[in-house]
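Trainee: Please find one structure pasted underneath; my questions will follow.
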Amino acid sequence: MTTSSTQNKISKKYDVIVIGSGLGGLVSAVILAKEGKKVLVLEKNNQYGGNLQTFVRNKTIFDTGVHYIGGFDKGENLYNYFDYLDIADKLKLIKMDMDGFDVISFDDDENEYPIAQTYQNFVEQLSKFFPEERDNLIKYSKRLEALCAEFPMYNLNIGSFADEEDFLAINAKEFIDSIFTNERLKAVLVGNNFLYVGQSEKTPLYIHALSINSYIHSAWRCLNGGSQISKLLIKELKKYNGKVEKYQEVEGFVLDENEQVIGCKTKKGDEFYGNLFISNIDITKTIDMLGDSRFGKPFSRRVKSLEFTPSVFTVYVVFKPETFSYINHNIYHFNSIDDVWDTYEKDTTDWPNTYVATFSCNAKNQQFSDSMTIMTYMNFDEVEQWENSYNVEINHNSGNRGDDYEAFKKEKTELILSKIEKKFPDIRTKIKAVYSSSPLSYRDFIGSEKGNMYGYLKDSNNPMKTFISSRSKVKNIFFTGQNVRVHGILGVTVGAFVTCSEILGAEYLMNKVNQVLNAKADE
């Protein structure tokens, strides 16, 4: 006779359970659901999507993490991956300025240096400012493209992630110094390294190349926010009978009598049973649920010793209607060229020594910006005194962090606005409302350790130290997300396909992807 308890367990039995609904988790879920797997995604918060989340202030949509995407012209790599997932043609995007999707500027220089779309235009636009470096810009461009070609799945080819230590150990700054002589051009070329947290002695060339290559091919802004990506992925998942559940924070695994992982349990007291588990949450939290020994003590020690990228302090500006003309590029601004590398580690009396400004417009009126987002680095220790407060609905300690915290945010916001005012002198007359967030906000709503932006810092001096395989030593637990391989929309998407290749077989999956894309092209 089957008891009600047994029936409940059977009804919650899945082929695959994905822990965390960030991009990597959702992409993995859709891939496996398309293969006929019974898939469940568990999310701890109210909103799905991790860094894809958006929020609304003053009737204006703001992104938490996705401010633009690259490689989305038809036939390019991100487009092709999203096309396989059946969401590419459903996204609402606006193409950014062809002659400068990113603009790099400095306090001591009236010029604004463009990073343009297509490598030919990239060379042309920068050669206007640095004509003597034209040949070197061509050489540099060819090297970046050749380097990106070394990563098969980045280009939808069958093959493993490049893992030759010598190849991964090329330092980005050293490489750039070996090609160029003009110090300002060197700074411009890495001026958008907020995309990967540039460190002069550590950042590998491949991280620099993979981070910017797809944007140079084509750069796009999401109209009405990046959450449309997660919403479309969830819609696809449900089309294949996949399930998603929010307010389900996984706090441990369920073992059978043979000490094999057969399920997971959540803080709500629910248990879900599955054959395979994909962790899209912080890897150390996954390790702690089962213990270091199960994942291998050397691996566990290595992961727990890794350095995280810094967090960010962000100011969100809502403009008065039709007062601020839409700017179709991002601004990466520095106090000086000396601040470009190792920015977040530098002491400065003129904080912030860098900021990134992005702009949004309403789909119905693209002449004016309805908002601006301004980001700068901030280490977690600046907000450490409030670390025991949580502003998430499901946490018992949630609530106001206090007057001191609000005063801290107000002070930092004013410093950032004063910097922006130097570039846009009349901006305050056009502002309707201002909001801000700190590393605590990113920790609470994104779920990243100490609010870090991009997971673990990569190090060209020891490239294999930060190499994390998507297949763990626990035979039915896999990893995905920005801590595995490469961060960013494209990097995490490719990483999810790598994770699913471990489950389905790389040759099978990539052949399937290319068959589907070829069939679509023939339609």
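Trainee: What percentages, rounded to whole numbers, describe P(r) for the chain computed over all alpha carbon pairs with 10 Å bin width beginning at zero?
Mentor: Result, from short to long distances: 4, 18, 30, 28, 15, 5, 1, 0, 0 percent.
Trainee: Still on this structure, I have one more. Karplus couplings for segment 280-291 from phi (6.51 cos²θ - 1.76 cosθ + 1.60, θ = phi - 60°), rounded to Hz, Gly and Pro as x?
Mentor: My calculation for segment 280-291 gives 10, 10, 3, 5, 5, 5, 5, 4, 5, 5, 10, x Hz in order.
Trainee: With every protein chain present, what accessible area does E411 have (1.4 Å probe, heavy atoms only), rounded to the nearest 10 Å²?
Mentor: 110
Trainee: While we're looking at this one, here's another question. Taking 10 °C and 1.306 mPa s as the conditions, I'd like the Stokes-Einstein D for segment 57-196 in µm²/s, using the Kirkwood hydrodynamic radius from alpha carbon pairs.
Mentor: 91
Trainee: Could you calculate the FRET efficiency of K238 with K142 from 1/(1 + (r/R0)^6), where r is the beta carbon distance between them and R0 is 51 Å, rounded to 0.05?
Mentor: 0.70
Trainee: Note down the magnitude of the dipole of the chain about its Cα centre, charges +1 on Lys and Arg C-beta and -1 on Asp and Glu C-beta and zero elsewhere, to the nearest 20 debye.
Mentor: Rounded to the nearest 20 debye, it is 2060 debye.
Trainee: What FRET efficiency would be calculated for the residue pair K268, E307, taking the C-beta separation as r and a Förster radius of 35 Å, to the nearest 0.05?
Mentor: Efficiency, rounded to the nearest 0.05: 0.55.
Trainee: For the chain, take the longest principal axis of its alpha carbons; what is the angle in degrees between that and the long axis of helix 403-423, to the nearest 10 within 0 to 90?
Mentor: 40
Trainee: Could you compute the net charge surrounding I287? Neighbours are other residues with a C-beta less than 14 Å from the C-beta of I287; K and R count +1, D and E count -1.
Mentor: +2
Trainee: In debye to the nearest 20, how big a dipole does segment 355-510 give about its Cα centre with +1 on each Lys and Arg Cβ and -1 on each Asp and Glu Cβ?
Mentor: Charge dipole of segment 355-510: 500 debye, to the nearest 20.
Trainee: Give me the extension gain from D15 to Y326: residue separation times 0.36 nm, minus the current Cα-Cα distance, reported in nm with one decimal.
Mentor: Computed gain between D15 and Y326 is 107.2 nm.
Trainee: Can you list, largest first and rounded to whole Å, the semi-axes you get for segment 365-523 by taking the square root of 5 times each eigenvalue of its Cα gyration tensor?
Mentor: 39, 24, 16
Trainee: Can you give the charge dipole size of segment 302-400 about its Cα centre, rounded to the nearest 20 debye, using +1 on the beta carbon of Lys and Arg and -1 on the beta carbon of Asp and Glu?
Mentor: 500
Trainee: Amide H to amide H, which residues 5 or more places from K243 or on other chains are under 5 Å from it, using H placed in the peptide plane?
Mentor: V39, L40, V41
Trainee: Can you give the FRET efficiency for L255 and E384, using 1/(1 + (r/R0)^6), R0 = 30 Å, r = Cβ-Cβ distance, to the nearest 0.05?
Mentor: Approximately 0.25, to the nearest 0.05.
Trainee: Moving on. Per Stokes-Einstein, at 20 °C and 1.002 mPa s, what whole-number D in µm² s⁻¹ belongs to segment 115-226, with the Kirkwood radius over Cα pairs as the hydrodynamic radius?
Mentor: Answer, rounded: 143 µm²/s.
Trainee: Can you pull a Stokes-Einstein diffusion coefficient for segment 336-396 at 10 °C (1.306 mPa s), Rh from Kirkwood over Cα pairs, as a whole number of µm²/s?
Mentor: 105
Trainee: What number in nm² do you get for segment 48-105 if you take the convex hull of its Cα atoms and divide its surface by four?
Mentor: So the mean shadow area of the Cα hull is 5.9 nm².
Trainee: Could you tell me how many cubic angstrom of Cα convex hull volume segment 236-395 has per residue?
Mentor: Measuring per residue, one finds 218 Å³ for the Cα hull of segment 236-395.
Trainee: Calculate one ³J(HN,Hα) per residue across segment 250-259 by plugging θ = phi - 60° into the Karplus curve 6.51 cos²θ - 1.76 cosθ + 1.60, and present them in order as whole Hz with x for glycine and proline.
Mentor: In residue order, the calculated couplings are 6, 10, x, 10, 9, 10, 8, 5, 9, 6 Hz.
Trainee: Which value, in Å² and to the nearest 10, is the accessible area of E259 when all protein chains are kept and the probe is 1.4 Å?
Mentor: The accessible area comes out at roughly 100 Å².
Trainee: Expected output is a single nm value to one decimal: the length gained when fully extending between K297 and V56, i.e. 0.36 nm times separation in residues minus the C-alpha distance. What is it?
Mentor: Gain on extension, K297 to V56, equals 82.4 nm.
Trainee: Using 0.36 nm per residue, how much length does the chain from K92 to D177 gain when fully extended, once their Cα-Cα distance is taken away?
Mentor: Gain on extension, K92 to D177, equals 26.7 nm.
Trainee: With a 1.4 Å probe and every protein chain left in place, tell me how much accessible area I327 has, in Å² to the nearest 10.
Mentor: It works out to around 30 Å².
Trainee: What share of Cα pairs, in percent, lie more than 15 angstrom apart in segment 284-360?
Mentor: Roughly 71 percent, rounded to a whole number.
Trainee: Which order do D15, D381 take by accessible area at a 1.4 Å probe, largest first?
Mentor: D381, D15
The values are calculated or read from the model by the stated rules, or taken from the named source; none is laboratory data. Everything numeric here is computed off the predicted structure, so don't read it as measured data. Cβ coordinates were reconstructed from backbone atoms using ideal geometry, including for glycine residues, and neighbour counts include every protein chain displayed. Accessible surface is based on the protein model in full, side chains and every heavy atom, while ligands, DNA and RNA are left aside. Shrake-Rupley method; radii C 1.70, N 1.55, O 1.52, S 1.80 Å.
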